[in-house]
Amino acid sequence: MAKRARAYWLMKTEPEAFSIEDLERKKREAWDGVRNYMARNYMREMQVGDLVLFYHSNAAPPGVAGVSEIVAEAHPDPTQFEPKSKYYDPKSKPAEPRWSLVDVGFVERFAQLLPLDVLKAEPSLSDMVVVQKGSRLSVQPVTKEQFKTVLAMAKAKTKVR
DNA sequence: GCCAACGTTGGC
DNA sequence: GCCAACGTTGGC
């Protein structure tokens, strides 16, 4: 596969289902259950080594909890073929899988979650997808500048005031 | 628990 | 191919 510069992403998860603590303990995880075409297409663009902002949605508060990385590129999501799975898709054929997943690996857990409202208050992040109103996409591209800004904010936040 | 936003489905 | 209805996401 052709090499390209490392890309950056944001992936959402409900911490009650799978949190940064779970990833820290398990080290890596197959990111199954994505059933949105745009999100799937972004996952298919991912390459090993890409870095991911690990976002806790439907949480109090929601926000970025840490960093993960892509450790395996897109391959078929097995849950689409499992009738008992809540992610089962009867229209998907094994010869032509509709849904993909990537494997993510643990990189870092922030000492403190970086809340969404703090991201929204940062002017240089005003174009970031996750701060847009009604932004529901669970897999999003992030620019290198946005990624660096978020990391810097997470580090600054851990300093004692 | 509410509901706005938005993606998907299906009738026509 | 339009678009209303429906289901889901996710902040609040």
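What follows draws every value from the coordinates through simple rules; no lab data is involved. Everything numeric here is computed off the predicted structure, so don't read it as measured data. Don't worry about glycine lacking a Cβ; one is built from the backbone with ideal geometry, like all the others, and counts go over all protein chains shown.
Tabulated results
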read-out	value
Leading residue by the ranking (farthest from A:ARG40 (Cα to Cα)) among those in region A:135-147 that are surrounded by fewer than 16 Cβ atoms within 10 Å (Cβ to Cβ) and away from DNA strand B (no atom under 15 Å from the Cβ)	A:GLU145
Residue list for region A:129-158, restricted to those being part of a loop (DSSP other than H, G, I, E, B) and either among the β-branched types (Val, Ile, Thr) or in contact (Cβ under 8 Å) with a residue 60 or more places away in the chain (or both)	A:LEU137, A:SER138, A:THR143, A:THR158
Close pairs (8 angstrom Cβ cut-off, 6 or more residues apart or separate chains): basic (Lys, Arg) in region A:83-95, surrounded by 10 or more Cβ atoms within 10 Å (Cβ to Cβ) and part of a loop (DSSP other than H, G, I, E, B) anywhere	A:LYS86/A:GLY33; A:LYS91/A:ARG98
Residue match in region A:107-116 (condition: assigned to a helix (DSSP H, G or I), away from DNA strand B (no atom under 14 Å from the Cβ) and in contact (Cβ under 8 Å) with a residue 40 or more places away in the chain)	yes
Residues that are closer than 12 Å to A:LYS12 by Cα and hydrophobic (A, V, I, L, M, F, W, C), drawn from region A:38-71	A:ALA39, A:VAL52, A:LEU53, A:PHE54, A:ALA59, A:VAL64, A:ALA65, A:VAL67
A:GLN132 being within 16 Å of DNA strand B (Cβ to nearest atom), over 15 Å from the mean Cα position of the chain (by Cα) and buried (at least 16 other Cβ atoms within 10 Å of the Cβ)	no
Top-ranked residue of region A:15-32 - restricted to ones that are within 14 Å of the chain's Cα centre (by Cα) and in contact (Cβ under 8 Å) with a residue 60 or more places away in the chain, ranked as farthest from DNA strand C (Cβ to nearest atom)	A:ARG28
Long-range neighbours under 8 Å by Cβ, at least six apart or interchain, first residue free of Cβ contacts under 8 Å to residues at least 40 places away in the same chain within region A:67-81, second of a type in the set (Ser, Thr, Tyr)	A:ALA74/A:SER100; A:HIS75/A:SER100; A:PRO76/A:SER100; A:GLN80/A:TYR87; A:GLN80/A:TYR88; A:GLN80/A:SER92; A:PHE81/A:TYR88; A:PHE81/A:SER92
Selection count where residues are surrounded by fewer than 17 Cβ atoms within 10 Å (Cβ to Cβ), acidic (Asp, Glu) and in a loop (DSSP other than H, G, I, E, B), scope region A:45-84	1
Qualifying residue in region A:7-17 (condition: surrounded by fewer than 15 Cβ atoms within 10 Å (Cβ to Cβ), over 16 Å from A:VAL142 (Cα atoms) and of a type in the set (S, T, N, Q))	no
When residues of region A:1-37 are limited to those that are in a helix (DSSP H, G or I) and either of a type in the set (A, V, I, L, M, F, W, C) or touching a Pro at 6+ places or on another chain (Cβ under 9 Å) (or both), the one nearest to A:VAL48 (Cα to Cα)	A:LEU23
